[in-house]
1. Using θ = phi - 60° and the Karplus relation 6.51 cos²θ - 1.76 cosθ + 1.60, list the HN-Hα couplings for region 128-133 in order, rounded to whole Hz, with x at every Gly or Pro.
2. Using only DSSP helix segments of four residues or longer, with each worth -39500 (n - 2.57), what per-residue ellipticity at 222 nm results for the chain after dividing by its residue count and rounding to 500?
3. Ignoring ligands, DNA and RNA, what accessible area per residue does the chain give at 1.4 Å, in Å²?
4. With Rg/Rh (Cα atoms, Kirkwood Rh) in mind, check [x] 1.56; [y] 1.04; [z] 0.96 and report the label derived from this structure.
5. Which of the three applies to region 163-222, rounded, prolate or oblate, going by the alpha-carbon gyration tensor with a ≥ b ≥ c and a/c under 1.5 meaning rounded?
6. Counting only the heavy atoms of the protein chains, how much of His404 is accessible to a 1.4 Å probe, in Å² to the nearest 10?
7. Using 0.36 nm times the number of residues separating Asp194 and Ala350, minus their current alpha carbon distance, what extension gain do you get?
8. Taking the Cβ-Cβ separation of Asp255 and Asp116 as r and a Förster radius of 35 Å, what is the calculated FRET efficiency to the nearest 0.05?
Amino acid sequence: MTAVSSHRPPAGDPAVAGRGAAEEDLRALFGQSIAVFALLVGPMHVVESANQAFFDTIGQERTHTGVPLVDLMPELADQGIITALDRVYATGEPHVGRDVRVVVGTGPHARETFFDVSYEPRRTADGQVTGVRVLGVETTQVKHAQRLMTEHRALLEQIARQAPLTEVLDGMARCIEDLAPEEVLVSVLLADPDGRHLRHGAAPSLPDFYNRAIDGIATGEGVGSCGTAAHRREPVIVTDITTDPFWADFRQLADQAGLAACWSTPILARDGGLLGTFAMYHRTPRVPQDTDLALIRVFAGTAALAIERHHIEEAKATAEARARSAHDELAAVVRVERELRAEAERRAAASADLAARMRAAAAAQAARPHPEHCQLGDAPGCTAPAEIKIADSWGDSAWGCAAHVEEAILNVRSVFIANEELGGLAAYLNR
């Protein structure tokens, strides 16, 4: 036993001696057990004796007997435990609790624990209650495992419904920080497409200045825990940043952020490609336990699933955007082609109409007196025969060949085929 009081039952009392022998058997049975065992006496629940597991749970600095439990652990006053012990002592009825939540310690050292507990009355030979026997089995790890499974399932559901990657990674980091039995700060860095640099992904509890400083760090041997893990494609466990050579260039930054240990694991795609790194920081130098490594593997795999899903959705969105752009471009080309075709058809119809009118005018004007050669050509003049007379809105007129007449009508809006009867201006107004 770690601590046993100096109190001994009076000699010569067989009943008391029998009870004392039974409790000595209990002391022997639970002395080195992982079960929490304590014997309390009197209405103030004075700790008469307890096993090592009890003092390990409440803290070695509180290894005392002969004092009331509430004085040994003041934090129990408002947690219902003292009330339950009072009830057992007053009624003599045992009490059993499942997954009883007990916050051990206060302030920054407080930690959440869970126990299956049994409080049984201790009696004299005549049945008088003299104290309470406490037996508990810690279920904290089981409780945390259940919470871990629940949180992990929620993360998988987020991934399945395509929640934003930042939301998933931030939620994952906070989940681990909440579930870890000791303070831990989680960071996720995302690899650039070329795999040469790491970018900030999520780190809700790390200082902003620290996140900014490591955003974009290179992957390579000796570049902190994360850069080295990304380069090696294997976990890098730095248990003491102050002495590890990987942190030579970042030691001052880590000290400023209050970081003393960093365990980093590469996040790898199914094809082995680098997706990023998953890191767990600690305030004090620390070596990972098997449970820590298992937690890292679980969430590194979850992060890989989330990041790969994000990349797939990004690629899909990019492909869809390109398809929409190509479709829009094709539609624009088709629209322009249709407009050009319509314009060509309009011009062809106009050209056919003009040709018909020119033939009619040439036939009608053939008998009229006219010069021998075209008057419309540039110097030294067109030698083609004059066939059609044209005029403009100013009353000027001239005879030209078919080619020059067509060119003039198409390019000069005020030119028209002259009508000898109506005269120049009248023909222009009534054309």
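The values are calculated or read from the model by the stated rules, or taken from the named source; none is laboratory data. Since the structure is predicted, the reported quantities are computational estimates derived from the model, not experimental observations. Virtual Cβ from ideal backbone geometry, glycine too; neighbours counted across all protein chains shown. Side chains are part of the model used for accessible areas, which takes the heavy atoms of the whole protein and leaves out ligands, DNA and RNA. Shrake-Rupley method; radii C 1.70, N 1.55, O 1.52, S 1.80 Å.
1. 6, 6, 10, x, 9, 9
2. Working: 12 runs with 191 residues, N = 431.
Roughly -14500 deg cm²/dmol at 222 nm, from the helical runs in the chain.
3. 55
4. Matching the structure shown: [x].
5. Note, shape of region 163-222 comes out prolate.
6. Spelled out: His404, probe radius 1.4 Å, area about 50 Å².
7. 50.1 nm is the gain from fully extending Asp194 to Ala350.
8. Details: r = 43 Å, r/R0 = 1.22.
Calculated value: 0.25.
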